[in-house]
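These notes are about the structure you will find just below.
What follows draws every value from the coordinates through simple rules; no lab data is involved. Source: prediction; values computed, not measured. Note that we place each Cβ from the backbone using ideal geometry, even for glycine, and neighbour counts take in every protein chain shown.
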Amino acid sequence: MADATRKPGQSEPDEATEAPKPKSRRGVILAVIAVLVIAGVGFWWHSTYSEDTDDAQINGHLIQISSRIAGQISKVYVQENQMVKAGDPIADIDSRDLQVAVENAQAALASAEANAVAAKVNVPITSVNTGSTLSSAGADLSAAHASVAQAEKQLDAAKARVEQAKANNTKAQSDLERYKPLVAKDVISKQQYDAAVAAAASAQAAVVDAEASQQAASDAVHVAHERTAQAEAQLKSAKTGPQQVAAQSARARQALAQVQQAQAQLDQAKLNLSYAHIVAPVNGIITRKSVEINQNVSVGQNLLTLVSLDDLWVTANFKETQLRHMAAGQPVEVHVDATGKDYHAKVTQIGGATGSVLSLFPPENATGNYVKVVQRVPVRVDFSDLKDEDSKHLLRPGLSVEATVRIK
């Protein structure tokens, strides 16, 4: 039976082409369901096996380049925002005064070394001299004692000769007294009397001579005693030889210490001279440059800031509810907005306190108006292979990133 709504000349619909319409709608529905299931599974997988945050940024070292000596800037090699490598020159300080200081220190070191050599040579010389002096003083003292004994014996002999001379003189004088009356009576000849007079005079002169010899012998004994005292004093002085050697050794050590002091001053002068050439300690970018030619700088004065690009890391502030299964060593995927790239990293450290506690004004919850707020804890994330993934040094400290930690 023909369809009453069909227009004249319109062909009858093909049943084979009309049948698939319900199937097409079912396919769409199934596709939507599949997408929802996949999205649900993905969300469950992501929420179960990873934690992420967009409250993260790249951090790095901001190195303050300062002067280690005072002086005048003679040359500047860098400009603002210039990239430098480790060892590249940054600025020079006028080094003429420093060179003079090095030369003075070298001269002082040479003088100290010469004094040290002389003092060291004098140690064995002093040792030998004091030993010889001690031996000589001992021998002189022995000789002095022998001289005293000899002089005393000579004194005894002189005293004996005096006694003998006095005895002879007494006999001669007695003979002369006996001859006087005899010659007056012509009992004896005049010649015999004259001989007696001469013998008496000779005996008296012999007494005087013997007494003089005795006095000389006594003086010799006194001189011998003085020589003995002098020899004893010299021996005492010679016995101080070890102390003299020790004193000379101390002077030698002092001279050596002065050499070391002069060497240290020379090393310091050379260091100061090397500080006149300021170089970049690491690879980085020059920022906050304030140094100019002919500028006078003081010790510790900041010249510029060097942003290191080799040692970068990420500080990701995770919620405290995200830290339950987080631990050091877990892999991290870091997405950087500035480059649009993903970087491989890992968790290195979990902060020791929340950001609010470390703020300038930490919250005070003892007022009674407490509202529980989810806190965030800084987590350090280190890049795994920054040299290859950022070979062009596109990353900068302060860039915002998204960090996703694989916790299971």
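Once C-alpha pairs closer than 8 Å and six or more residues apart are averaged by separation and normalised to the residue number of the stretch 100-261, the relative contact order reads 49 percent. Shown is the FRET efficiency for residue 385 and residue 94, computed with R0 = 51 Å from the Cβ-Cβ distance and rounded to the nearest 0.05: 0.70. Compute the distance from the alpha-carbon center of the stretch 302-326 to that of the stretch 84-103, in whole Å. For the stretch 302-326 versus the stretch 84-103, the Cα centre distance is 35 Å.
Summing Lys and Arg as +1 and Asp and Glu as -1 over all other residues whose Cβ lies under 13 Å from the Cβ of residue 252 gives a net charge of +2. Annotation: the residues 32, 314, sorted from fewest to most other C-beta atoms within 10 Å of their own C-beta, follow the order 32, 314. Separation of the alpha carbons by more than 25 angstrom is noted, of 346/392; 85/387; 85/346; 346/387; 75/289, for 85/346. Taking every lysine pair in the stretch 100-261 that is 8 or more places apart or spans two chains, those with Cα atoms closer than 25 Å amount to 8.
For the stretch 326-337, the Karplus equation 6.51 cos²θ - 1.76 cosθ + 1.60, evaluated at θ = phi - 60°, returns couplings of 8, 8, 5, x, 6, x, 9, 10, 10, 9, 9, 5 Hz by residue, with Gly and Pro reported as x. Computed over neighbours whose Cβ is under 15 Å from that of residue 225, the net charge equals -3, Lys and Arg +1, Asp and Glu -1. Rounded to the nearest 0.05, what FRET efficiency is calculated for residue 114 and residue 393 with R0 set to 51 Å and r the Cβ-Cβ distance? About 0.40, to the nearest 0.05.
Phi-derived couplings, Karplus 6.51 cos²θ - 1.76 cosθ + 1.60 at θ = phi - 60°, listed residue by residue for the stretch 55-66: 8, 8, 8, 7, 10, x, 8, 9, 8, 7, 7, 10 Hz, with x used for Gly and Pro.
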